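I have placed the structure first, in the form of structure tokens, so that the comments after it can refer back to it.
What follows is calculated from the coordinates using simple rules that are stated; it is not laboratory data. If you're wondering where the values come from, they're calculated on a predicted model, not measured in any experiment. Every residue, glycine among them, receives a Cβ derived from its backbone with ideal geometry; neighbour counts consider all protein chains shown.
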2 protein chains.
Amino acid sequence: MRIAVDAMGGDHAPKAAVLGAVLAAKEKQVASILVGKSEVLNQELSQLEDYPRDLITIKEAREVVEMCDQPAVAVRKKRDSSIVVANTLVKDGEAAAVISAGSTGAAMTASLFVLGRIRGIARPAIAIPLPTPNGVTVLLDAGANAENDPRDLLQFGIMGSIYAKAVLGIAAPKIGLLSNGEEETKGNKLVLETHQLFKESNLDFIGNAEGIDLPMGRCDVVVCDGFTGNVILKFAEGMASAIFQMMKEEIMGSAVAKMGALLIKPSLQRLKNRFDYSEYGGAPLLGVNGVSMISHGRSDAKAFKNAIIAAANAAKQDMIGKIRTAVEELNQEEDNA
Amino acid sequence: MRIAVDAMGGDHAPKAAVLGAVLAAKEKQVASILVGKSEVLNQELSQLEDYPRDLITIKEAREVVEMCDQPAVAVRKKRDSSIVVANTLVKDGEAAAVISAGSTGAAMTASLFVLGRIRGIARPAIAIPLPTPNGVTVLLDAGANAENDPRDLLQFGIMGSIYAKAVLGIAAPKIGLLSNGEEETKGNKLVLETHQLFKESNLDFIGNAEGIDLPMGRCDVVVCDGFTGNVILKFAEGMASAIFQMMKEEIMGSAVAKMGALLIKPSLQRLKNRFDYSEYGGAPLLGVNGVSMISHGRSDAKAFKNAIIAAANAAKQDMIGKIRTAVEELNQEEDNA
């Protein structure tokens with residue numbers, strides 16, 4: 001099994017992608033195919049003293065989708081771009097999963113365009129693991145869509161549950177529906193309708209979840225429309241930055257506190273790491289016909305490594321097959337109803 | 001000028017309400033009317049050695065709206081409840097503003113029911129000041145509504161701007177529209193339509209704001225529908241708690257860090273204070289015919305004090321008159337268009 005890595009996407013590509021693939025090979029014996037300009041990638045590899053050569057291969061792709069490119073246009077026109085070629089490897093069965101830290105729009109579009117949707121899935125969704133005191137809460141959709149209907153949200157719940165089980169190892173994921181109040185009567189029109197669908201489903205649905213339940217980890221998977229999820233994801237990122245910045249300001253204002261800060265530095269670093277997206281190895285685009293991991297644009301080598309390992313897990317656990325089966329069952333139930 | 005304080009509402013009522021009113025009187029010479037059971041309130045006051053007696057009066061109200069009460073039912077039936085009587089004092093011109101830390105639903109309903117809406121305002125909104133490294137960003141609507149239309153959001157922008165000027169002292173508030181991307185083409189249907197209304201308005205509209213812009217303070221006022229705002233408000237509260245809890249765990253795991261923590265304790269406390277809702281003195285319910293401040297259920301004496309001072313400022317600055325004028329102008333423009 002090999003993982004296709006778009007080695008040209010992301011702020012720190014290609015170096016971070018190459019190093020990440022090497023780390024995944026060394027630490028977990030996961031094999032990667034680095035997709036991009038071979039002379040650049042060989043140059044990066046040649047700088048490494050030693051790496052597991054049998055686990056790292058290169059697939060030539062002459063073009064690159066840039067951040068400024070219009071995703072839909074770029075994916076259609078740049079057929080020889082690293083992101084399109086990497087997805088094609090999955091489609092052709094040469095790779096078990098694809099990872100990209102390039103433009104989220106281009107990564108989504110390429111997977112949708114090349115891999116297609118799983119039969120019966122109306123809208124794919126991005127699932128993001130958010131840190132909590134006890135682990136993570138998976139939030140989806142974190143921004144693949146701007147608008148959703150109740151059936152989309154039910155499918156997000158099904159897919160999120162499968163991802164939490166298969167990749168995050170949560171045995172019986174509890175699902176919450178994001179709302180403006182715990183009570184069943186709370187919510188906008190979308191949430192009120194979706195609540196009923198969840199109640200009738202065979203998911204472990206705990207009811208409405210409030211904003212506070214996300215960081216506190218009251219459930220394992222929280223479902224919302226892509227607009228709300230995207231706002232929250234970016235808010236969480238901004239709030240973590242703001243708190244650490246404000247903490248620094250407060251500490252730097254006092255000589256005694258500066259001394260104290262030296263002593264708690266390792267603890268603070270561990271805390272920061274828990275809010276560091278690189279720890280969580282990217283966010284799967286659930287609903288496309290293959291494992292597709294979208295990594296943060298700022299991904300470093302560790303982030304690529306973790307994304308590669310997570311993608312390999314998803315493939316080993318046959319996450320796509322499980323989603324396919326669950327959606328077929330859902331459609332049969334709907335036909336019978 | 002006197003501020004009506006629902007002295008029976010909130011987790012720490014009546015003590016916190018009474019002490020808050022006394023602090024506001026001592027520190028800023030703001031006069032309050034404590035509304036509630038007079039024997040209970042007199043008992044609280046009698047325990048104080050000294051307080052500015054001319055600035056603290058009591059208004060009898062025999063009933064209390066409980067947290068378990070249905071807001072709409074309770075406000076209609078409990079006419080002699082502290083929250084209804086406090087709002088009636090504003091309606092009758094005996095108080096310049098009302099403050100309650102009781103059930104948010106009851107506080108909103110009482111103000112809507114007793115004070116009514118400002119002519120031309122379709123939907124009142126709760127405006128929440130969120131802490132940022134440079135001050136605050138006002139988010140509205142933070143939960144008065146579950147669903148809104150573009151015209152509601154435009155009115156929120158107008159009211160939020162007036163509140164930011166009059167009460168928070170921001171000379172020329174910059175307004176952002178919360179969306180899932182900066183570009184004008186990003187957003188759900190509601191946001192796409194609202195964007196155009198804002199562009200045509202005479203507000204200082206900076207375009208779409210993303211989730212990250214809220215905690216980082218890129219604009220002074222951020223407008224969104226009440227569902228999204230409520231989710232974010234509760235998420236922010238949960239995330240601040242989660243980060244402080246995780247920090248404690250990391251520090252307690254190391255003896256050296258524990259020593260360091262003692263040294264940075266005052267800095268951390270200042271940081272925590274910046275995320276403490278009691279610092280910001282409650283959230284105005286904008287759009288009702290009178291100054292109505294809704295305080296956090298956990299309000300302590302300081303929170304009540306700050307809410308009373310903020311309410312007095314809003315009254316002194318004629319916030320309601322300014323909203324009334326702005327809405328009349330908006331309606332005239334719409335008639336002319």
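Ordering A:Asn230, A:Ser254, A:Asn134 by Cα displacement along the dipole of region A:122-282 toward the positive end leaves A:Ser254 in first place; charges were set at the Cβ atoms of Lys, Arg (+1) and Asp, Glu (-1). Taking all Cα pairs closer than 8 Å and separated by 6 or more residues, the relative contact order of chain A comes to 24 percent. What list of whole percents do you get for P(r) of the protein assembly as shown, with Cα-Cα distances grouped in 10 Å bins up to the one holding the largest distance? For the protein assembly as shown, the binned pair fractions read 3, 15, 22, 24, 19, 10, 5, 2, 0 percent. For region A:1-121, the residue among A:Leu89, A:Gly102, A:His12 whose Cα projects farthest onto the positive side of the dipole built from Cβ charges is A:Leu89.
Rounded to the nearest 20, the size of the Cβ-charge dipole of region A:45-180 about its Cα centre is 480 debye, with Lys and Arg at +1 and Asp and Glu at -1. Using the empirical formula 2.2 N^0.38 Å as the baseline, the Cα radius of gyration of region A:31-135 reaches a ratio of 1.22. Only the Cβ atoms of Lys and Arg (+1) and of Asp and Glu (-1) were treated as charged; on that basis the dipole of region A:122-282 about its Cα centre amounts to roughly 660 debye. Under a Gaussian network description of chain A, with springs only between Cα atoms under 10 Å, the residue in A:Gly282, A:Gly229, A:Gly253 that fluctuates furthest is A:Gly253. Computed from backbone phi, the HN-Hα couplings of region B:204-215 come to 7, 8, 9, x, 5, 10, 9, x, 5, 6, 5, x Hz, rounded to whole numbers (Karplus: 6.51 cos²θ - 1.76 cosθ + 1.60, θ = phi - 60°; Gly and Pro given as x). Once the convex hull of all Cα atoms in region A:122-282 is built, its volume per residue stands at 116 Å³.
Amide H contacts under 5 Å for B:Lys59: B:Leu34, B:Val35, B:Gly36, restricted to partners 5 or more places along the chain or on a different chain, H placed in the peptide plane at 1.01 Å from N.
Which net charge results when you count Lys and Arg as +1 and Asp and Glu as -1 among the other residues whose beta-carbon is under 12 Å from that of B:Asn313?
Details: positive: B:Lys28, B:Lys165, B:Lys316; negative: B:Asp318.
Here the charged neighbours net out to +2.
What is the distance in Å between the Cα centroid of region B:1-48 and that of region A:249-266? For region B:1-48 versus region A:249-266, the Cα centre distance is 40 Å.
Copy-to-copy label distances for B:Leu262, where each label lies 7 Å from Cα along Cα-to-Cβ, are 1.7 nm in order of increasing length.
Once you charge only the Cβ atoms, +1 for Lys and Arg and -1 for Asp and Glu, what is the size of the charge dipole of region A:29-100 about its Cα centre, to the nearest 20 debye?
I would put it at about 420 debye.
Please give the residues of region A:175-216, grouped as numeric ranges, whose backbone N is less than 12 Å from a label point set 7 Å along the Cα-to-Cβ vector of B:Glu249. Residues A:216 fall inside that zone. Evaluating 6.51 cos²θ - 1.76 cosθ + 1.60 at θ = phi - 60° for every residue in region B:130-142, the Karplus couplings come out as 9, x, 9, x, 9, x, 9, 10, 8, 10, 8, 8, 8 Hz, glycine and proline recorded as x.
To the nearest Å, what is the center-to-center distance of region A:70-97 and region A:135-161, using C-alpha atoms only? Between the Cα centres of region A:70-97 and region A:135-161 lies a distance of 24 Å.
Averaged over peptide B:250-256, the number of partner chain Cβ atoms lying within 10 Å of each residue's Cβ comes to 5.
Helical runs assigned H by DSSP (4 residues or longer) give the protein assembly as shown a calculated mean residue ellipticity at 222 nm of -15500 deg cm²/dmol, each run adding -39500 (n - 2.57) before division by the residue total.
With Kirkwood's inverse mean 1/r over C-alpha pairs for Rh, give me the Rg to Rh ratio of region B:71-132, two decimals please. Before the final figure, lay out the partial values.
On the way: Rg = 12.4 Å, Rh = 12.5 Å.
Rounded to two decimals, Rg/Rh equals 0.99.
Other residues within the sphere of radius under 13 Å centred on the Cβ of B:Ala95, judged by their own Cβ, net out at 0 (K and R +1, D and E -1).
For the rotational copy relationship between A and B, the axis lies nearest to a chain A beta carbon, identified with its distance in whole angstrom as A:Gly260, 2. Distances between copies of B:Glu184, taken at a point 7 Å out from Cα along the Cα→Cβ vector and listed shortest first: 4.6 nm. Relative to the 2.2 N^0.38 Å rule of thumb, chain A has a C-alpha radius of gyration ratio of 1.02. Comparing B:Lys91, B:Lys258, B:Lys174, which has the greatest mean-square fluctuation in the GNM of chain B with Cα pairs linked when under 10 Å apart? Most flexible of the set in this elastic network: B:Lys258.
Legend: mean number of C-beta atoms from other chains within 10 angstrom of residue C-beta atoms, peptide B:209-219, equals 6. Amide H contacts of B:Asn148: B:Gly226, each under 5 Å away and 5 or more positions distant or on a separate chain (H built 1.01 Å from N in the peptide plane; Pro and chain starts excluded).
Subtract the Cα-Cα distance of B:Met67 and B:Asp335 from 0.36 nm times their separation in residues, and report this length gain in nm to one decimal. Working shown, then result.
Details: separation 268, 0.36 × 268 = 96.48 nm, distance 4.30 nm.
My answer for the length gained is 92.2 nm.
For the options B:Ser179, B:Ser299, B:Ser201, a Gaussian network treatment of chain B with springs between C-alpha atoms closer than 10 Å singles out B:Ser201 as fluctuating the most.
Ranked by the mean number of other Cβ atoms within 10 Å of their residues, highest first, the peptides B:217-228, A:182-193 come out as B:217-228, A:182-193.
Rounded to a whole number, what is D in µm²/s for region B:280-328 from Stokes-Einstein with the Kirkwood radius over alpha-carbon pairs (20 °C, 1.002 mPa s)?
Working: Rh = 11.2 Å.
My calculation gives 191 µm²/s for D.
Comparing A:Leu168, A:Ile243, A:Ala125 along the charge dipole axis of region A:122-282, the residue lying farthest to the positive side is A:Ile243, per the Cβ-charge model. For region A:319-335, the Karplus equation 6.51 cos²θ - 1.76 cosθ + 1.60, evaluated at θ = phi - 60°, returns couplings of 4, 5, x, 5, 5, 4, 4, 5, 6, 4, 4, 4, 5, 5, 4, 5, 5 Hz by residue, with Gly and Pro reported as x.
Net charge in the neighbourhood of B:Leu190 (other residues with Cβ under 14 Å of its Cβ; Lys, Arg +1, Asp, Glu -1) is -3.
With its label point put 7 Å out from Cα toward Cβ, A:Lys248 sits 2.6 nm from the same residue's point in the other copies, in order from shortest. Distant-in-sequence amide contacts of B:Ile3, defined by a placed amide H-H separation under 5 Å and a gap of 5 or more residues or a different chain, comprise B:Ala31, B:Ser32, B:Ile33, B:Ala96.
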